[in-house]
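A quick write-up on the structure given underneath.
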Amino acid sequence: DQFDNLDKHTQWGIDFLEKYAKFVKERIEIEQNYAKQLRNLVKKYCPKRSPKDEEPRFTSCIAFFNILNELNDYAGQREVVAEEMGHRVYGELMRYSHDLKTERKMHLQEGRKAQQYLDMCWKQMDNSKKKFERECREAEKAQQSYERLDNDTNATKADVEKAKQQLNLRTHMADENKNEYAAQLQNFNGEQHKHYYIVIPQIYKQLQEMDERRTIKLSECYKGFADSERKVIPIISKCLEGMILAAKSVDEHRDSQLVIDCFKSGFEPPGDFPFEDYSQNIYRTISDGTISTPKQEGMRIDSKTTVGKAKGKLWLFGKKPKPQSPPLTPTSLYTSSTPNGSQYPIFSIEPVHYCMSDIKTGKPRIPSFRSLKRGYFCLQGPALEDFSHLPPEQRRKKLQQRIDELNRELQKETDQKDALIKMKDVYEKNPQMGDPGSLQPKLTETMSNMDRLRMEIHKNEAWLSEVEGKVAARSDRRHSSDINHLVTQGRESPEGSYTDDANQEVRGPPQQHAHPNEFDDEFEDDDPLPAIGHCKAIYPFDGHNEGTLAMKEGEVLYIIEEDKGDGWTRARRHNGEEGYVPTSYIDVTLEKNSKGA
């Protein structure tokens, strides 16, 4: 008798099934979006490197790339989870929900039909009952009318007979309705018993089985939902283990060694700067424990002061006599008389300093571009075939890489030659397979390529041997240069004539200097200075001033003297023309980082 409640319950079961299906669908969308975001994240941080990229692969970078690969695999497993849930859970739920709705509708229709049939039987029984009741009342009325006429003395016989016939008719109809009512009642009781004991229990049993199958299907979907996640746990665990192994593979010592190998230039550390004695032109008194000899060089002799008076003053420890001559000019010279009466130029500290300053300040000052970063990799010169623009160590690596590539190409050409020779032999033995002469041009080209590759390999091996020989001999050169530096330190001068031993000091003949450029010529050697590197012009320079060298943008020059700190570098063209160029206008590459090499 709870048909309506069962109708509501089965409808709630289907709604709950669809609600869980919607939950699974949203979970699938979350998994898909999560996997998509993970893949985008991996794609964002994965390096886009070309095959020719020679960037050092540090262990920390390799570990990070491995972690990205494992994370990409992890994202793939999340996609597997979403696909498995969509196929095994969501799709199955939607199909079963459709079937469940159809089955429920059928069972409910059968229940309603049974209920309608029982209601129809009840109405028939009720109608027959009402008709029997009505006929009984009519029969009672007919009997009362007959009895009243029969007892009435005034009633005629015909009226009495008519009332009797009417009574018999009504009694007969009441008996017929009674029999019909009894039959309808018996039929209704039978159908009602059948309805409540057979038909409705069967329909309810089918609804119960349907609802239990729905519950079982939900249980299976719950399990499938968890199994979809559990199936990928081993692979996800491997991904996580791969990340842990990548973290353990980080080696700080190896990374440091890669940095050393990448940036090691092979240059020697710069040597000690020699002492540059600018007091060589100042005549000094040879100290022998007495002050009998005046200090001729380094002091100015007043024209009013006698030689004997000058001998009485100790300039080395006392005050230097103030000059009485007019103010100095860049071209003024000082003369003094020797005991034999000859005159020679006396340079004090001020003229020499003034001349040296004039040499530096006589050149135009160029705006400084030193704010630009100028490291080793930024100051590479023009790419040469023998990589001579690179430091020794980097040059050796480049040459070795080129030799390996040439050897691989030579091996390919050799294999191709052997294949062509074998094919030619086959064609000669079996002319129907092909013409042997058709292979000769290709064979000749292959042999030519092999000869060219061998020459390239021989040339590069010669350069490599040269570099390795220089590297091997560097330590010996360094040792000898250190010894020579210790011997000559404090004795060399721009003219190369000063020594610590005053008895061996040799002075050149005095000359009259009328221009600071003539003073600068004394610091130049007769032989051209060796090139210590090369440079490339970043900007054009006109070089109008005397002593400068004009250059065009992109022009390559030899470096023969480094920047002394004044912003100028001495360079030389291929034709031998020399001069100073602004250091900030060029990219410099030094082959030997030792001063004055």
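The values are calculated or read from the model by the stated rules, or taken from the named source; none is laboratory data. None of these values were measured; they are calculated from a predicted model. We place every Cβ from the backbone using ideal geometry, glycine too, and count neighbours over all the protein chains shown. Keep in mind that these areas ignore ligands, DNA and RNA; they rest on the heavy atoms of the full protein, side chains included. Shrake-Rupley method; radii C 1.70, N 1.55, O 1.52, S 1.80 Å.
Values for this structure:
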quantity: Segment residue 109-residue 244, length gained on full extension (0.36 nm per residue, minus Cα span); calculated: 42.3 nm
quantity: 21 Å Cα-Cα threshold exceeded, pairs from 48/397; 19/223; 398/442; calculated: 48/397; 398/442
quantity: Whole-number D in µm²/s for the stretch 184-228 (Stokes-Einstein; Kirkwood sum over Cα pairs; 4 °C, 1.567 mPa s); calculated: 100 µm²/s
quantity: Long-range amide H partners of residue 251 with built H, under 5 Å; calculated: 59, 60
quantity: Gained length - residue 564 relative to residue 414, 0.36 nm times residue gap less alpha-carbon distance; calculated: 48.5 nm
quantity: Heavy-atom accessible area order for 428, 110, 103, largest first, 1.4 Å probe; calculated: 428, 110, 103
quantity: Accessible surface of residue 548 - all protein chains present, 1.4 Å probe, nearest 10 Å²; calculated: 20 Å²
quantity: In nm, spacing of pseudo-spin labels at residue 461 and residue 45 (7 Å Cα→C-beta vector); calculated: 4.8 nm
quantity: Residue-span extension gain [residue 8 to residue 227] - 0.36 nm each, minus C-alpha spacing; calculated: 75.6 nm
quantity: Amide H contacts of residue 266 (H built 1.01 Å from N, under 5 Å, at least 5 apart or other chain); calculated: 393
quantity: In Å², nearest 10: area of residue 137 left accessible to a 1.4 Å probe; calculated: 110 Å²
quantity: Cβ-based charge dipole, the stretch 105-156, positive-most Cα from 122, 155, 132; calculated: 122
quantity: Largest to smallest accessible area among 67, 235, 28 [probe 1.4 Å]; calculated: 235, 67, 28
quantity: Amide proton proximity set for residue 586, modelled H, under 5 Å, gap of 5+; calculated: 538
quantity: Environment charge at residue 178 (Cβ cut-off 14 Å; Lys +1, Arg +1, Asp -1, Glu -1); calculated: -1
quantity: Using θ = phi - 60° and Karplus 6.51 cos²θ - 1.76 cosθ + 1.60, couplings along the stretch 396-401 (whole Hz; Gly, Pro as x); calculated: 4, 5, 4, 5, 5, 5
quantity: Mean-position separation - Cα centroids, the stretch 60-110 and the stretch 152-189, in angstrom; calculated: 79 Å
quantity: Probe 1.4 Å - accessible area at residue 134, Å² to nearest ten; calculated: 110 Å²
quantity: At R0 = 45 Å, FRET efficiency that the Cβ-Cβ distance of residue 275 and residue 61 yields, to 0.05; calculated: 0.40
quantity: Order of exposure, largest accessible area first, which applies to 172, 253 with probe 1.4 Å; calculated: 253, 172
